[in-house]
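S.K.: Provided herewith is a single structure, encoded as structure tokens, for subsequent inquiry.
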Amino acid sequence: MGSAGVPRLSGLFATYKPPGLKWLHLRDTIELQLLKGLNAGKPSVPEHRVRFLLGPVEGNEEELALTATSVPTLTNHRLVCGPAFTSLKIGVGHRLDAQASGVLVLGVGHGRRLLTDMYNAHLTKDYTVRGLLGKATDDFCEDGRLVEKTTYDHVTREKLDQILAVIQGSHQKALVMYSNLDLQSQEAYEMATRGAIRPMHKSPMLITGIRCLHFAPPEFLLEVQCMHETQQQLRKLVHEIGLELKTTAVCSQVRRTRDGFFTLDDALLRTHWDLHSILDAIQATAPRVAAELDKNLRPGLSTPKLPSPDRSWDSEALSSSLGLGSCAGH
């Protein structure tokens, strides 16, 4: 495709990062594959110039004469000046650590600015987190240094669901607090009904939804919807859930299944980290990216009103719209 693909190589696309691979290595691999694709195109037809070359005269090989001859110019030839493209600036969105896997969004060209818009939109992300009951390690991971072993026969699905409900309720109340909304305003009510309440600035990890997908002791699988998280915080969450269940637990897997408006269906596997597949992915998701960013960066969502000093924080009406219970904070 060569240089013809450069104008279209601008936007966002998602990749699937396997566990054990650092995000920096993934980005460098993507850059290398894109450069290979850009430089693999057919070289342009070289220009020709007229040169006077000394050669024998026809019919008389002993006599030499200058003859006007058209010859190609090699100053721009690939073997003379090297490859046309030697580097690309590729941005990485919400990062994944080496042990985690899942959707990793990258931006090239104008897409690097779109990554900033995604960050400012404070979009939620989905994870599946796998836990293992009965032991504790120094780093909350299954392969960490063993600190303690405990029994877990008393743990039931009902007890786990109760703990998860408490966690979700406390985090939803924190989400309202960090959103800096006037809870008595019409804007707060409309945002609550749309599920669009989100913090306007950086905040601690906030969980907007958590549930158990599978429970077969000692293993359990959680689905977590959150924002402003790190994968290590999710592993620590598993550890804390184990403590609440009067036992211990470690995290054996963290997998991101959605990052904002990018899902696993959009993520390119390692076998598709090439120029043609990335161009197709950028073109396929560009309309959705533009629409979602426009919806989430509307002025009505980005400039919330702070509560006035003479008005109290009455969260009862808003809590009912959010479906919050009266459970205490975790």
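The values are calculated or read from the model by the stated rules, or taken from the named source; none is laboratory data. The shown structure was predicted, so the numbers you read here are calculated from the model rather than taken from an experiment. We place every Cβ from the backbone using ideal geometry, glycine too, and count neighbours over all the protein chains shown. Note: accessible area is taken over every heavy atom of the protein model, side chains too, but ligands, DNA and RNA are not part of it. Shrake-Rupley method; radii C 1.70, N 1.55, O 1.52, S 1.80 Å.
S.K.: Hey, among Thr151, Thr128, which residue is part of a strand (DSSP E or B), open to solvent by 10 Å² or more (accessible area, probe 1.4 Å) and within 17 Å of Val238 (Cα to Cα)? I'd like the intermediate steps shown before the answer.
M.R.: Working: Thr151 fails: part of a strand (DSSP E or B).
After applying the criteria, what remains is Thr128.
S.K.: Within the stretch 32-56, work out how many residues are open to solvent by 60 Å² or more (accessible area, probe 1.4 Å) and without any contact (Cβ under 8 Å) to a residue 24 or more places away in the chain.
M.R.: Qualifying residue count for the region: 8.
S.K.: Among Ile278, Ile241, which is assigned to a helix (DSSP H, G or I), touching a Phe, Trp or Tyr at 6+ places or on another chain (Cβ under 7 Å) and surrounded by 20 or more Cβ atoms within 10 Å (Cβ to Cβ)?
M.R.: It is Ile278.
S.K.: Right, another one. Could you identify the single residue in Leu79, Leu26, Leu12 that is part of a helix (DSSP H, G or I) and either modelled with pLDDT of 95 or more or within 20 Å of the chain's Cα centre (by Cα) (or both)?
M.R.: After applying the criteria, what remains is Leu26.
S.K.: Taking the stretch 139-187, which residues are among the acidic types (Asp, Glu) and touching a helix residue (DSSP H, G or I) at 6+ places or on another chain (Cβ under 9 Å)?
M.R.: Residues satisfying the conditions are Asp139, Asp182, Glu187.
S.K.: Same structure, new question: Mind checking whether some residue in the stretch 230-253 is modelled with pLDDT of 95 or more, touching an Asp or Glu at 6+ places or on another chain (Cβ under 7 Å) and under 29 Å from Leu34 (Cβ atoms)?
M.R.: yes
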